[in-house]
Amino acid sequence: MSHFLVITDSADLSQSVAYAAGVQIGAIPATPMPARPEELPGYDAERPVVVLDAGPDADAALRLTAGCTAVGMVVVLASEEPERIGFAALKAGAADVMSVYASIPELRASLARADRLATERAYATAGQQGATTEPPRPQGRVVTVASPKGGVGKTMVATNLAVGLARRYPQSTVLVDLDVQFGDVATALGLSPRYSLVDATHGQTPSDPLALKSLLTQHSTGLYVIPGSESPGASEAVGAREIGLLLHTLAGAFRYVIVDTAPGLNEQTLQALDQSSDLVLVTSLDVPGVRGLRKEIDTLRQVGLMLSSHHLVLNFVDPHRGITVKDVEANVGETIDVTLPLAKEVPLSVNQGVPLLQGNGRDQATKQLTHLVELVSADRSAVGRTSRWKGTRG
Ligand SMILES: Nc1ncnc2c1ncn2[C@@H]1O[C@H](COP(=O)(O)OP(=O)(O)OP(=O)(O)O)[C@@H](O)[C@H]1O
Ligand SMILES: [Mg+2]
């Protein structure tokens, strides 16, 4: 996610933007209004997305908007009367004009749009600087696998989904381990990779397809992998903005980009969701798991990230748990798409580093995971493209 800067004299607006962004933001007063983008904090390092309050001086705000837009920055104007300055704001290049009284979900949606635009513009700039030979155009689907709680089977689901898709569409799927601190995708696939997410998100690499291709690890099924880091401490080196650029670039080259995540909704997972076309939510068949799922769905709805293309996976399904799939559906108000039984085949396959969908088993877990692959691949809008990228073997 981009760095945000709010320029306002209103503590209320500043607080709402910070809350909606969900990350730390910069804030400076609108009086006096900075005259040029170069005067803004953060301009030299990482040009911020600016939320600019036009209330104190609309003309000065429009001039600053035009200046910022001219250097590729993204500005969202805030006004008590957005319709009054709407036309002038668009002429000045503002990405959006919103009411200073906008609700948090409205603000969140506006910031997410601005953030996406900033990512696109970062590409254009990287391209002009020769970092890419052709500007990547996302075509593939980005499928994020998330869960409210840990240990519920995300990595097992993500690796099987990725292997299942790779077997159907050879050379067209990449799996990214975004569990930055404790990722174990490589272990689950029996790989010993040379490069990790830290390398793939370093410097200009995430927006440079040529640099990225040399960092991919290839699995025997034809799946490409960007594994998590070996060192939990390295997570600090992986910025959310770089993750956004990385997923954008990969979606330009692969039909499917599968993203495994850490438990809960951290900054990296939110950034991945912002770039995603599909969401797979996994939870366990127990009361804490179901409560967590409901909270996660509510939170994602509030921030506008409960993607319309989503699939719910209930894991550890067992008739003796005192709670049924129907109970869960009634509780969360959603249909469960995939029910994975508590099964001995699963830990066995994880421990051997061979996902179930790498074989042709007839057990219930394999059948349900195949069903998930079908649900994801049935989606109409994926544009087929076989990547010609070659990675290193793990
Ligand atoms: N259906 C199942 N039946 C039996 N064991 C399972 C099942 N699903 C997952 N497991 C086991 O549960 C453990 C956790 O699975 P996994 O690592 O995929 O969860 P996770 O959500 O990715 O965890 P984390 O939050 O730590 O990343 C593994 O040892 C796995 O073998
Ligand atoms: Mg995991």
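Might you check whether a residue that is more than 20 Å from Val373 (Cβ to Cβ) and assigned to a loop (DSSP other than H, G, I, E, B) occurs anywhere in the range 284-298?
For the range 284-298, residues more than 20 Å from Val373 (Cβ to Cβ) and assigned to a loop (DSSP other than H, G, I, E, B): present.
Determine, yes or no, whether Asp179 is on the phi < 0 side of the Ramachandran plot, more than 13 Å from ligand 2 (Cβ to nearest atom) and of a type in the set (Asp, Glu).
Details: on the phi < 0 side of the Ramachandran plot: yes; more than 13 Å from ligand 2 (Cβ to nearest atom): no; of a type in the set (Asp, Glu): yes.
It is false that Asp179 is on the phi < 0 side of the Ramachandran plot, more than 13 Å from ligand 2 (Cβ to nearest atom) and of a type in the set (Asp, Glu).
Go through the range 204-218 and give me each residue that's modelled with pLDDT of 85 or more and either out of contact with any helix residue (DSSP H, G or I) (no Cβ under 7 Å at 6 or more places or on another chain) or open to solvent by 20 Å² or more (accessible area, probe 1.4 Å) (or both).
The answer is Thr205, Leu215, Leu216, Thr217, Gln218.
Search the range 340-362 for residues being of a type outside the set (A, V, I, L, M) and within 11 Å of ligand 1 (Cβ to nearest atom), and hand back the single one that is farthest from Asp286 (Cα to Cα).
Applying the filter and picking the extreme gives Gln352.
For the range 246-267, give me each residue that is part of a helix (DSSP H, G or I) and surrounded by fewer than 24 Cβ atoms within 10 Å (Cβ to Cβ). Steps first, answer last, please.
We begin by selecting, within the range 246-267, every residue part of a helix (DSSP H, G or I); these are 246-251, 267.
The answer is His248, Ala251, Glu267.
Would a scan of the range 74-86 turn up a residue that is of a type in the set (Gly, Ala, Ser) and open to solvent by 30 Å² or more (accessible area, probe 1.4 Å)?
Of all residues in the range 74-86, those of a type in the set (Gly, Ala, Ser) come to 78-79, 86.
From what's left, open to solvent by 30 Å² or more (accessible area, probe 1.4 Å): none.
Within the range 74-86, none of the residues are of a type in the set (Gly, Ala, Ser) and open to solvent by 30 Å² or more (accessible area, probe 1.4 Å).
Kindly list the number of the only condition in (1) assigned to a loop (DSSP other than H, G, I, E, B); (2) of a type outside the set (A, V, I, L, M, F, W, C); (3) out of contact with any His (no Cβ under 9 Å at 6 or more places or on another chain); (4) more than 10 Å from ligand 1 (Cβ to nearest atom) that fails for Gly190.
Here Gly190 meets the rest and fails (3).
Are any residues in the range 42-73 open to solvent by 40 Å² or more (accessible area, probe 1.4 Å) and assigned to a helix (DSSP H, G or I), and if so, which ones?
Start the filter on the range 42-73 by keeping residues that are open to solvent by 40 Å² or more (accessible area, probe 1.4 Å), which leaves 44-47, 55-57, 59, 63, 66, 70-71.
Hits for the range 42-73 are Asp59, Arg63, Ala66, Ala70.
Among Ser147, Ser172, Ser192, which is away from ligand 2 (no atom under 16 Å from the Cβ) and either without any contact (Cβ under 8 Å) to a residue 60 or more places away in the chain or open to solvent by less than 20 Å² (accessible area, probe 1.4 Å) (or both)? Show your work before the answer.
Numbers: Ser147 fails: away from ligand 2 (no atom under 16 Å from the Cβ); Ser192 fails: either without any contact (Cβ under 8 Å) to a residue 60 or more places away in the chain or open to solvent by less than 20 Å² (accessible area, probe 1.4 Å) (or both).
Unique residue meeting the criteria: Ser172.
Can you find a residue in the range 202-212 that is of a type in the set (Asp, Glu), out of contact with any Lys or Arg (no Cβ under 9 Å at 6 or more places or on another chain) and within 16 Å of ligand 2 (Cβ to nearest atom)? Spell out how you get there, then give the answer.
Start the filter on the range 202-212 by keeping residues that are of a type in the set (Asp, Glu), which leaves 208.
Among the residues that remain, those that are also out of contact with any Lys or Arg (no Cβ under 9 Å at 6 or more places or on another chain) are: 208.
When the remaining residues are screened for being within 16 Å of ligand 2 (Cβ to nearest atom), the result is none.
No, because not a single residue in the range 202-212 is of a type in the set (Asp, Glu), out of contact with any Lys or Arg (no Cβ under 9 Å at 6 or more places or on another chain) and within 16 Å of ligand 2 (Cβ to nearest atom).
Contact list please: Cβ distance under 7 Å, first residue in the range 291-303 and touching a residue at least 40 places away in the same chain (Cβ under 8 Å), second residue open to solvent by 80 Å² or more (accessible area, probe 1.4 Å), pairs at least six apart or on different chains.
Gly292/Lys149
Provide a single number: the residues in the range 75-105 that are modelled with pLDDT of 85 or more and in a helix (DSSP H, G or I). Steps first, answer last, please.
In the first step, residues of the range 75-105 are kept if they are modelled with pLDDT of 85 or more; the result is 75-82, 84-85, 88-89, 92-104.
Those left that are additionally in a helix (DSSP H, G or I): 82, 84-85, 88-89, 92, 104.
Qualifying residue count for the region: 7.
Considering only the range 296-317, state which residues are on the phi > 0 side of the Ramachandran plot and either β-branched (Val, Ile, Thr) or at pLDDT below 90 (or both).
Let us first name the residues in the range 296-317 that are on the phi > 0 side of the Ramachandran plot, namely 304, 316.
Listed by number, the list holds a single entry, Gly304.
Within the range 147-158, can you find the residues that are more than 15 Å from Leu279 (Cα to Cα) and not in a loop (DSSP other than H, G, I, E, B)?
If the condition is that a residue be more than 15 Å from Leu279 (Cα to Cα) and not in a loop (DSSP other than H, G, I, E, B), then Met156 is the only one that fits.
Taking Asp96, is it out of contact with any His (no Cβ under 8 Å at 6 or more places or on another chain), without any contact (Cβ under 8 Å) to a residue 24 or more places away in the chain and open to solvent by less than 70 Å² (accessible area, probe 1.4 Å)? I'd like the intermediate steps shown before the answer.
Values: out of contact with any His (no Cβ under 8 Å at 6 or more places or on another chain): yes; without any contact (Cβ under 8 Å) to a residue 24 or more places away in the chain: yes; open to solvent by less than 70 Å² (accessible area, probe 1.4 Å): yes.
Taking the combined requirement at face value, the residue satisfies it.
The values are calculated or read from the model by the stated rules, or taken from the named source; none is laboratory data. Predicted model, so just to flag it, every value in this text is computed and none were measured. No Cβ is skipped: glycine too gets one built from the backbone with ideal geometry, and neighbour counts run over all protein chains shown. Keep in mind that these areas ignore ligands, DNA and RNA; they rest on the heavy atoms of the full protein, side chains included. Shrake-Rupley method; radii C 1.70, N 1.55, O 1.52, S 1.80 Å.
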